[in-house]
Amino acid sequence: MRRTWTTATVALSCAVLCIAYPQPFQQQQGQQHPFTPAHGHGHQVNHNEETVHTYARFDGEQVLRFDVSNIDQLKLLQATVEKENLDLWSNLRIGTVDLRLPAAKLSTPAIKAITSTIPSTIMIDDLQDLIPSQPPAFTRLQQQQQMNENWNFTDNSFWLQYHDFATLNNFTETMVQQYPDLVKRVSIGKTFEGREIFGMSIHGFKQKKDKKKKKKRKSRSWFFGNDEEDHEEVDYFDESFGGHNNDNDQEDIIDILGNNDDNDNESSTSVSEKNGDIVSSWWSWLFNTTPRRSIRKPSKPKKHPKAIVLHAAQHAREWIGPAVVSYIAKELILGYRKNKKITRLLDQFEFIVVPVLNADGYVYTWEHNRMWRKNRQPTSIPFCPGIDPNRNWGHMYGGDGSSSNPCNEGYHGPEAFAALESKMMADFILDRKNVVAYIDFHAYSQLWMSPYGGDCSQIPKDDEDLMEAGMGAAKALHNVHGKKFSVGSICNVIYQASGGSIDWTYAVGKVKYSYGVELRDTGRYGFMLPEAEILPSSEETMAGVMYLANFIRLREKQWGYFA
Ligand SMILES: [Zn+2]
C-alpha cells in the first residue's frame, strides 16, 4: 500500500508549550499536522521539502525501578506521579514499580524526594538507546511495501517483527479472503481519527460432503506440512485434562527450552523451527496426554456459539499485544480441521480477535512517539490530548489508580465511556450477548489478572473459577518457554486501578471469564521488547488461551459444551 506523508508545521504556540513541558510533549506539540498514512483518512498529500521525519526523542531519560515495600511509599509514589504527570511503566503496587523520568526532572526536589525515600535501581539508563531516531512507520515503509505482497502466513515469518496498523489490517483481510468459511471480518467501530477498529470472527463451519472434503483438504496449502492423516487420528481431548506430565508423544513436542527463567534471559527466546508442530505441542504440554487413536468424528459447529473475545493495544505502545493476538488468530485458522483440539474449540466457540483496539494511538506510536499510551481524542487541555481507554470503562469508574488530569498518562476522561474505543468495545460485547470469555492483552509484567481492580473490597462471585482457570492458563503458558506469570485479581496482583475493562466486562457485560493479561517481559526492555521475543511470547500465550477455552468447555457444561 502506497503511503505518503504530509508536512508538519510547527505552530507558534508550541514554542511556548515546549518550554513548559518535558521532551515527549515537545515532540507531540511540534506536530500539529501529523503526517498520516493515506489509508487512515482517505487522502494523500505529496512530499515536499519540509517532510517531517522527527520522532519523539528520549535522550537521557531513565526508567527507574522502585522497590516499594509499604503503603506509605506507595502513596508517596502515587502522589508524585499524579502531581508531576510522570509516566508509569508498570502498575502501582507493593513490590517493584517502574517509572520513566525525563532527564530534566531527574534532579528536581519532587523526584529526589522519592528516590531518597524509596529504594530504586536504574532499569534503563538512556531510553533513547532503545528507540529509533526515525519513525518506524517511515523507515519500514519501503520494506513493508515489498513484503506485504509476499507474506506467507502459513509459516511464522510474519511474527519475527512488529507490524504497523495497515499491515495488521492486510493480515486480517488476507485471512478473511483465504478462509471465507472460517473467518469473517468484524468491525468494532471507528475511532476519533476515523480509523476502523477491525477484527476477525473465527468459528467452525459445517462441511457439506465428507468425500469432497477429504479430497479438498489434501489440496489446501494452508495445512501444515506434516502428516495430515496421523493428525486426523489423534484424539486431543483425552480426559486427562490437567493431568500429569507424562507426555511421550515426541512428534508433538516442540523443542521447548525448559529453563525456569524468570529474568528474561535472552537464551529463553529461541524461535521454534518446527512451525507445524507448535499447535499440537501446546496441547501435549497443556493436557499431558499421550495421544491415542480414535474414531471420534469432529464435533458439529454450534449454530449459536459462545464467544471468546481477545483484543490488544488499548494502550498504544504495548506492541507485543497485537503481535500475539494476530498469531493466535493465525494458529486457530490454520489449525482448523488439522488439529482436533483446535477444531473442537472452533466448532464450539466463536473466537473474536481484535489486534488493535486503540488504533489512533497505535498509529501515533509508529509515526510520532513510541511511548504514546492513550488514545488521541482531544481533552479540555489542548496540549494534553488523549484519554486512557483502560481507565474509562463504566464500572467502578473514576477511583484510585486513575487520574482526572488530562495531562496524566492515566487520565480517565471527563466521564465514563468518553473514550470511543472503550465505549465501542463495551457496546460490541453487549450487542453480541454471547461472550463468555474476554482477555484484554497488555504489556508488560507477566501477569494474568482477574476482576476487580476498581474496588478492592469486592470479590467476584466467580472468583474460584476465575482463579482456577487463570492458574491453569499460567501454568500452561509457563510450560512452553518457562516464563512465570503471576495470577490473581488486579487488586491483589498490582494495586487499585479504576475504570479498567475487565471490571466492566465481568460485572456489567456478564462475561464470566474476564481477564487482563500483561505479557512479556518483566522490565528488562519493557515496552521496547525485542522482536526476537514475539514468537516465543505468542507461542506461550496461545497455550494459555487454549487452556482457558478448554477449561470453559469442560467446566461450563450448562452452556452446552459437551465433549
Ligand atoms: Zn496497558
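Packing-based ranking of 62-73, 384-395 yields 384-395, 62-73, ordered from highest to lowest mean Cβ neighbour count within 10 Å.
The stretch between K184 and E82, if pulled fully straight at 0.36 nm per residue, gains 32.4 nm over its current Cα-Cα span. Per-residue extension of 0.36 nm, minus the Cα-Cα distance of K75 and S107, leaves a gain of 9.4 nm for this segment. Were the residues from S116 through R555 laid out at 0.36 nm apart, the gain over their Cα-Cα distance would be 153.0 nm.
How long are the semi-axes of the equivalent ellipsoid of the stretch 51-111, defined as square roots of 5 times the Cα gyration tensor eigenvalues? Whole Å, largest first. Please report the intermediate quantities before stating the final value.
On the way: eigenvalues 130, 31, 19 Å².
Its equivalent ellipsoid spans semi-axes of 25, 12, 10 Å.
Highest mean packing first, where packing is the average number of other Cβ atoms within 10 Å per residue, the peptides 357-363, 523-529 line up as 357-363, 523-529. The residues T522, T96, when put in order of fewest to most other Cβ atoms within 10 Å, stand as T96, T522.
The mean of 1/r over all distinct Cα pairs in the stretch 298-422, once inverted, gives the Kirkwood hydrodynamic radius of 16.2 Å. For the stretch 395-545, what percent of Cα pairs sit more than 28 Å apart? That tail contains 20 percent of the Cα-Cα pairs.
Work through the residues other than N550 whose Cβ is under 10 Å from its Cβ and net out their charges, Lys, Arg +1 and Asp, Glu -1.
Values: positive: K341, R344, R553, R555; negative: none.
Local net charge: +4.
Applying 1/(1 + (r/R0)^6) with R0 = 56 Å to the Cβ-Cβ distance of K300 and K484 gives a FRET efficiency near 0.90.
Under 5 Å between amide hydrogens, built in the peptide plane, is the criterion, and for Y438 it picks out V309, Y513, S514, Y515 among residues at least 5 positions away or on other chains. Legend: calculated FRET efficiency, D427 to F205, from the Cβ-Cβ distance at R0 = 22 Å, rounded to 0.05, equals 0.25. The ranking of E331, E539 by Cβ neighbour count inside 10 Å, starting from the fewest, reads E331, E539.
Since every read-out is calculated from the coordinates, none of them should be taken as a lab result. The structure presented is a predicted model; accordingly, all values stated were derived computationally and were not measured. Counting neighbours? That spans all protein chains shown, and the Cβs are built from the backbone with ideal geometry, glycine included.
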